[in-house]
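Below is one structure, written out as structure tokens; comments come after it.
The values are calculated or read from the model by the stated rules, or taken from the named source; none is laboratory data. The structure displayed is predicted, hence computed values, not measured ones. No Cβ is skipped: glycine too gets one built from the backbone with ideal geometry, and neighbour counts run over all protein chains shown.
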Amino acid sequence: MDTAPTTGLTAADYPLSVRHPELLHTPTGKPITALTMDAVVSGELSAEDLRIAPETLRMQAELADASGRPQLASNFRRAAEMTAIPDAAVLAMYNALRPRASSGPQLAELAERLETEFSAPVCAGLVREAAEVYARRNLLARPAAGSDPTAAGD
């Protein structure tokens, strides 16, 4: 699930901004070289131009893989997916992943939403993994006192 098309980058291509600036673009398509203080002051750049592009994060993942750092690569791939998720949904996801904040079914629903609504299978996998670990460690949400633990919505 943590695979992505590669561009043939190797550890020797790091840092991209120095070795291959031609590969780096803003989310609106401007070259990275267009990101200057003068462009900011003159209004040539929008807030969207100052965000990282998912392609850049995927290339960073490729570099991390080439450097023998698979966990870092996975983090970059997750971050690339998260660029398409609205900020409010990202914050809700972080809150849902706090220990005892969500039940197993709630985390399963979150993972499904990440996969279907946001095309984020790597993020969905992380949520599913968290649900499994939380279940083993008794960290899933507990039913409220006096509530029916078999009721829907837990």
Does Thr56 satisfy the criteria of being part of a loop (DSSP other than H, G, I, E, B), of a type in the set (S, T, N, Q) and either farther than 23 Å from Val127 by Cα or touching a Lys or Arg at 6+ places or on another chain (Cβ under 9 Å) (or both)? no
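Residues to consider are Leu16, Leu45; find the one that is in contact with a helix residue (DSSP H, G or I) (Cβ under 7 Å, 6 or more places away or on another chain), hydrophobic (A, V, I, L, M, F, W, C) and over 19 Å from Leu72 (Cα atoms).
Only one candidate qualifies: Leu45.
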Criterion violated by Asn95 - all others in (1) assigned to a helix (DSSP H, G or I); (2) free of Cβ contacts under 8 Å to residues at least 24 places away in the same chain; (3) surrounded by 14 or more Cβ atoms within 10 Å (Cβ to Cβ); (4) of a type outside the set (Ser, Thr, Tyr) satisfied: (3)
Please go through segment 104-121 and give me each residue that is on the phi < 0 side of the Ramachandran plot and not in a helix (DSSP H, G or I), ordered by number. Ala120
With respect to Ala80, is the statement that it is part of a loop (DSSP other than H, G, I, E, B) and under 23 Å from Ala131 (Cβ atoms) true? no
When segment 14-38 is checked residue by residue, the ones that are surrounded by 12 or more Cβ atoms within 10 Å (Cβ to Cβ) and either closer than 11 Å to Leu50 by Cα or in contact with a Phe, Trp or Tyr (Cβ under 6 Å, 6 or more places away or on another chain) (or both) are His25, Thr26, Pro27, Thr28, Lys30, Ile32, Ala34, Leu35
Which of the residues spanning segment 91-110 are closer than 15 Å to Leu140 by Cα and either touching a strand residue (DSSP E or B) at 6+ places or on another chain (Cβ under 9 Å) or of a type in the set (A, V, I, L, M) (or both)? Met93, Ala96, Leu97, Ala101, Leu107, Ala108, Leu110
Six or more apart or on different chains, Cβ atoms under 8 Å: show the pairs whose first residue is in segment 8-22 and of a type in the set (A, V, I, L, M) and whose second is surrounded by 13 or more Cβ atoms within 10 Å (Cβ to Cβ) and not in a helix (DSSP H, G or I). Leu9/His20; Ala11/Ser67; Leu16/Leu9; Leu16/Leu24
What are the residue pairs meeting all of these: first residue in segment 103-130, first residue farther than 18 Å from Ala88 by Cβ, second residue crowded, with 17+ Cβ neighbours inside 10 Å and of a type in the set (Ser, Thr, Tyr), Cβ atoms under 8 Å, and 6 or more apart or on different chains? Gly104/Tyr134; Leu107/Tyr134; Val122/Ser74
Mind checking which residues of segment 103-154 are loosely packed, with under 13 Cβ neighbours inside 10 Å and modelled with pLDDT of 95 or more? Thr116, Glu117, Ser119, Glu129, Glu132, Val133, Arg136, Arg137, Asn138
